[in-house]
1. About its Cα centre, what dipole magnitude does the chain give when the only charges are +1 on Lys and Arg Cβ and -1 on Asp and Glu Cβ, stated in debye to the nearest 20?
2. Using alpha carbons only, what's the Rg to Rh ratio of region 259-329 with Rh from Kirkwood?
3. Report, in degrees rounded to the nearest 10, the 0 to 90 angle that the Cα long axis of helix 6-16 makes with the longest principal axis of the chain.
4. Just want to confirm a number: the relative contact order over region 186-254, from Cα pairs under 8 angstrom separated by 6+ residues, in percent.
5. Distance between Cα centroids, region 190-247 to region 141-180: provide it in whole Å.
6. Kirkwood Rh, region 160-255, all Cα pairs: how many Å?
7. Of the options ALA175, LEU305, GLY31, report the single residue whose Cα projects farthest towards the positive end of the charge dipole of the chain (beta-carbon charges: Lys, Arg +1; Asp, Glu -1).
8. Let me see the P(r) profile for region 309-397: every Cα-Cα distance counted, bins of 10 Å, each bin given as a percent of all pairs.
Amino acid sequence: MVKIDMEKIKKMYDDYVLNTYVRQDLCITRGEGTWVEDEKGKKYLDFFPGWAVSGTGHRHPKVIARIEEQLKKILHVSNNFYNENQPELAKKIIEHSFPGKVFFSNSGAEANEGAIKFARKYGSASSRYEIITMEKSFHGRTLATLTATGQDKVKKGFAPLPEGFKHIPFNDKEAFLSAISDKTVAVMIEPVQGEGGINVAGESYMRSLAEICREKDILLICDEVQTCMGRTGKMFGYQHFGIEPDVITLAKSLGGGMPIGALVIKDKHKDVLGPGSHAATFGGSPIVCAAALGVFDAIEEEGLLENVNVMGPYLTESIKKSKDISKYIGKIKGKGLMLGVELNIEDGSKIVEECMKEGLLVNCTQKNILRIMPPINVKKEEIDIAIDKLSKVMEKI
Ligand SMILES: *Cc1c(COP(=O)(O)O)cnc(C)c1O
């Protein structure tokens, strides 16, 4: 137990921390695997670990081992020099995706910002700059990425926004075709929309998107910030569709709890961003790359993709089977262990709150989509406990 005066912590937040987040009334002091603990020693089953960052669970031993090994050597090396971990991690990412090159950033927004810059640079030769994105998408909070985001709430008050973004309905091929102009250079899409309510792209839709892109020399950018690292049952979300994008962006669970993002660009475009065209001071430092290598160790050596493909359906079936839960829900959407449970009630935040009291952490997005994303190494028994807690909450409400 980590002794903390909760009232004092809250007061200090009020006094010194900019008030940009809605916080739940919980101070997390420890975490191990699928479990976290608060300052009173109460344990919570974490089925939304770190907003999808701690995808292999909290303090995964293989992540910790890599970090500890690196801690003894050096924390940061600037990109004017070589460091041993950065290319090793880039190689891992490429081996699991497509022949290409990696640029390391520190967050998802920054990876997407890089993808947008890449697309602009690519298009500059043919005077094209327009990027098509999806309604309900989420791409980050920098000026360019919030403009790319297909949700008005993140844009309010920040005008003028950068030009050159167009939004179309998700899973609508005709809408894509009619949005294309002689200025279009790229389309950016999440294979499964996360913040937008766990909306899965249709298989034939993604295939035609890829085909149209190829025909018209439009870049296909997959934002895999939330879907990466096995979340959906494949290493990357696009791999469900039999397509190969020009660019993928990664972050969230890539670092197993450490801040890292990555922009992955296909080999044929590797010279678009040359020396001096893009940079990030912290990008690809040996300590965060070490953590990400630990995530790959875990996924590869512990068969975690297979685990997702067993536990995903088990979790879905368990929800459906529970009479207490199924009364209050509509569709269950998602892929692998990225699940959105449609609630029949208007405001799901009450359920999230009650779950927390019951010792289960989940999230709600788009008001009534319960987002359930346990660590990809979650065990059957933990799912059983979560279902138990969730049905208790549903019964009460
Ligand atoms: C979270 C998220 C981002 C933004 O990532 P940050 O690390 O918060 O900048 C971008 N795209 C998707 C799909 C995300 O889920």
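1. 320
2. Radius of gyration relative to Kirkwood radius: 1.23.
3. For helix 6-16, the angle is close to 30 degrees.
4. 35
5. The distance from the Cα centre of region 190-247 to that of region 141-180 comes to 17 Å.
6. 13.9
7. Final value for the positive-end residue is ALA175.
8. All Cα pairs, binned at 10 Å, distribute as 18, 59, 23, 0 percent.
Only the coordinates and a few stated rules stand behind these numbers; no lab work does. Bear in mind the structure is a predicted one, so any value in this text is a computation, not a measurement. Please note: Cβ atoms are built from the backbone with ideal geometry, for glycine as well, and neighbour counts cover all protein chains shown.
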